[in-house]
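The values are calculated or read from the model by the stated rules, or taken from the named source; none is laboratory data. All of these numbers come straight from a predicted model, not from anything done at the bench. Virtual Cβ from ideal backbone geometry, glycine too; neighbours counted across all protein chains shown. Ligands, DNA and RNA are stripped out before the accessible areas are found, and what is left, the full protein with its side chains, is counted by its heavy atoms. Shrake-Rupley method; radii C 1.70, N 1.55, O 1.52, S 1.80 Å.
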Amino acid sequence: MPVTQLTLDDIIQMMIQAGEDWAVAHAKRLIELVKQISDDLPYDSHVMELATYMHDWGAFSKHMQKDVEHALRSRQVIESDILPRLPLTADQKEILLETIELHDYRDMRPKKSNEALLLREADMLEFLGVM
């Protein structure tokens, strides 16, 4: 039996159904911040949108686990439940997971992708209320 592919609209609906409307508004603000700060830095806008809408899923009451940091939990949930249903290349999947896991502005681990760097910076700017 074939697996049903998910779209960005499906992802957003899943967030709303989980009762996490705050996350939709948060993601929209981050997408706008990424556009403002990216300058000429190339990035995959589709992967960025997906990562932006899914980076906090580990903080949702539905997915939260005690003693598991929300960014890591978000990666775990997306990797097991969502990633197999996304029509992405292997490289895009790797970038998506890295971007989700390393999005927290307090996480100073090196980032390989521009997407991970941009989401972290946008998250920090929003937290600081700079933009």
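Per residue, the convex hull spanned by the Cα atoms of the chain amounts to 112 cubic angstrom.
Placing R0 at 35 angstrom, the Cβ-Cβ distance between Ala18 and Leu41 gives a FRET efficiency of 0.65 after rounding to 0.05. Largest accessible area first, the residues Tyr43, Tyr105 order themselves as Tyr43, Tyr105 under a 1.4 Å probe with ligands, DNA and RNA left out. The heavy atoms of Arg73 offer some 40 square angstrom of accessible surface to a 1.4 angstrom probe. Take Thr89: with every protein chain present and a 1.4 Å probe, its accessible area is about 80 Å².
Figure note: Lys111, Lys93 ranked by solvent-accessible area, largest first, 1.4 Å probe, ligands and nucleic acids not counted: Lys93, Lys111. Among the protein heavy atoms of the chain, carbon and sulfur supply 54% of the accessible surface, probe 1.4 Å, non-protein parts ignored. Across the range 35-57, the residues whose backbone nitrogen lies under 18 Å from the label position 7 Å along the beta-carbon direction of Thr89 are 42-51.
Normalised per residue, the accessible area of the chain is 55 Å², obtained with a 1.4 Å probe and no contribution from ligands, DNA or RNA. The simple spin-label model puts a point 7 Å past each Cα toward its Cβ; for Arg29 and Asp81 those points are separated by 2.4 nm. For His46, the accessible area of its heavy atoms, probed at 1.4 Å with every protein chain present, is near 80 square angstrom.
Straightening the chain between Phe127 and Met64 buys 20.6 nm, computed as 0.36 nm per residue apart minus the Cα-Cα spacing. Identify which of Ser45, Ser80, Ser113 has the largest mean-square fluctuation in a Gaussian network model of the chain, with springs joining Cα atoms closer than 10 Å. Sorting by GNM fluctuation, first place goes to Ser80. Over the range 14-69, all Cα pairs binned in 5 Å intervals from 0 give whole-percent P(r) values of 4, 17, 26, 20, 15, 10, 6, 1, listed from short to long.
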